[in-house]
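Below you'll find the structure, written out as structure tokens, and then a few comments.
The values are calculated or read from the model by the stated rules, or taken from the named source; none is laboratory data. The model shown is predicted, which means the values in this text are computed figures rather than measured ones. Don't worry about glycine lacking a Cβ; one is built from the backbone with ideal geometry, like all the others, and counts go over all protein chains shown. Accessible surface areas use protein heavy atoms only, side chains included; no ligands, DNA or RNA. Shrake-Rupley method; radii C 1.70, N 1.55, O 1.52, S 1.80 Å.
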Amino acid sequence: MGEKIIEEAKKVNLTELFYDLVFVFGISKITHILESLESGIFSLKEIIIYIVVFVCFINVWNVQTVYMNRYGKHNLLHIMIMTVFQMPALVFMAANVSSDMEESWTAFTLALFWIAVIQFLQYTYAYTKNKHSEYDRKLIHDFQKLLFVRLLAILSSLFLSGIGRILLTGFGFILSVLGTTLFQKDMERVPINLPHLIERLTLLTIITLGEMLIAAADFFEIEKFSIYSVLILFQVVALFLFYIAEFDHAIEEKLPCQSGAGLIYNHYFVWFGLNLCTIDLDYANEAMGIARVIMMFLGLFLFYLGVFNNAHLNKKTHKLNKKLMIPFVLVYLLGLGSSFLFQSNVPVSIIFCTLTIVLETVLFVSFVVRHFPKEIRKEMIGA
């Protein structure tokens, strides 16, 4: 069919890693949007701002990552585009993230518009460099259409006021995310470099886990330190082990003709889930009550959903089965029910939540390790 086959992994370059540092700052600011949670309530306005801002930041990162995966090179042009032209706008956006962004939304949107223009021009440049590849030019044109929709939504939102302009911006970004489903075949004809994409997605996940680790570290201050501090840290470690069991061991990286869209879509669930868990730790107190349980277990649900949705890419030996999934679901439901019963008792709730996360990780990690040959199992456990 004349499709490209990706034969070797593309190296993640240092500029991409430097670019990621902005998102360390951005994700940190986003986790503090839901300030009303400290009083145990949900503010609809804050939830809308949180979702829209999160989607905007992650979509900017995804567009740049996918572009670099297929067409980017570690040359002076792309280094300048990412560091000189995009990073100042991204830092400005992150610095102005707050729970009350209606007043600063115009400035935030103008910075977002600038980045959208730069990313659109990147694909225009790639179009001129792929004159002899019909498949590449078709795919680039597809992405240009989606980026134009994003540009149009951002520009239109400048003429609205209040929460309406925030919703319009979010709608435009969500459309551009979901729009890739319309040209799956085009993406498969110019397949993603899967090892590079997995490494990039993993790095952003580690950044998100890093923010959760910072929230957990707050409980290690002398006046707050207790056994529960260690349990909270175990939650972060267990989620990390769960994630790498899938993406470092179970997944098959040598699959040909992958569009990469599914991996990216599913990571939105992973990142949203981990971010909700982080928010839960940031505002952990008795006043939150049921709100805290909802945040944590909704976050866990999204995280597990995002990870397991990628299981169709697993090695043949590591396809999910009922022996894993039945006890997995039962542990989650038991943990959720127990946490609801003790919602007003934060220490007890922490114990049940930690037990749930650790048991889920033990179930999945043991499943992954058990399905490797004996020699690999020994190497993995250091025996």
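Inspect the range 132-144 for any residue being within 21 Å of Phe171 (Cβ to Cβ), touching a helix residue (DSSP H, G or I) at 6+ places or on another chain (Cβ under 7 Å) and buried (at least 22 other Cβ atoms within 10 Å of the Cβ) and give the result as yes or no. Checking the range 132-144: at least one residue is within 21 Å of Phe171 (Cβ to Cβ), touching a helix residue (DSSP H, G or I) at 6+ places or on another chain (Cβ under 7 Å) and buried (at least 22 other Cβ atoms within 10 Å of the Cβ). Kindly indicate which of Gln184, Gln258 is open to solvent by 10 Å² or more (accessible area, probe 1.4 Å) and not in a helix (DSSP H, G or I). Within the list Gln184, Gln258, the selection yields Gln258.
With respect to (1) within 15 Å of the chain's Cα centre (by Cα); (2) farther than 23 Å from Tyr283 by Cα, the lone exception for Phe85 is condition (1). For the range 247-281, how many residues meet the condition of being in contact with a helix residue (DSSP H, G or I) (Cβ under 7 Å, 6 or more places away or on another chain) and over 16 Å from Leu300 (Cα atoms)? Result for the range 247-281: 14. Listed by first and then second residue, the pairs linking a residue in the range 265-280 that is over 10 Å from Met295 (Cβ atoms) to a residue that is open to solvent by 20 Å² or more (accessible area, probe 1.4 Å) and of a type outside the set (D, E, K, R), with Cβ atoms under 6 Å apart and 6 or more places separating them unless they lie on different chains, are Asn266/Asn309; Phe269/Leu302; Phe269/Leu305; Phe272/Leu302; Gly273/Leu302. Of all the residues that make up the range 95-117, how many are in contact (Cβ under 8 Å) with a residue 60 or more places away in the chain and either open to solvent by 50 Å² or more (accessible area, probe 1.4 Å) or under 18 Å from Thr31 (Cα atoms) (or both)? The number of residues fulfilling the criteria is 7.
Could you check the range 7-48 and list, in sequence order, the residues that are in contact with an Asp or Glu (Cβ under 8 Å, 6 or more places away or on another chain), part of a helix (DSSP H, G or I) and either under 30 Å from Leu76 (Cα atoms) or at pLDDT 90 or above (or both)? Val24, Ile27, Ser28 - these are the residues of the range 7-48 that are in contact with an Asp or Glu (Cβ under 8 Å, 6 or more places away or on another chain), part of a helix (DSSP H, G or I) and either under 30 Å from Leu76 (Cα atoms) or at pLDDT 90 or above (or both).
Taking the range 187-204 as the search range and keeping residues that are open to solvent by 10 Å² or more (accessible area, probe 1.4 Å) and part of a helix (DSSP H, G or I), which one is nearest to Phe108 (Cα to Cα)? The selected residue is Leu203. Of the residues making up the range 159-170, just one is free of Cβ contacts under 8 Å to residues at least 60 places away in the same chain and surrounded by 15 or more Cβ atoms within 10 Å (Cβ to Cβ), namely Leu168. Name every residue in the range 124-139 that is within 19 Å of Gly179 (Cβ to Cβ) and in contact (Cβ under 8 Å) with a residue 24 or more places away in the chain, in order of residue number. Matches in the range 124-139: Ala126, Tyr135, Asp136, Lys138, Leu139.
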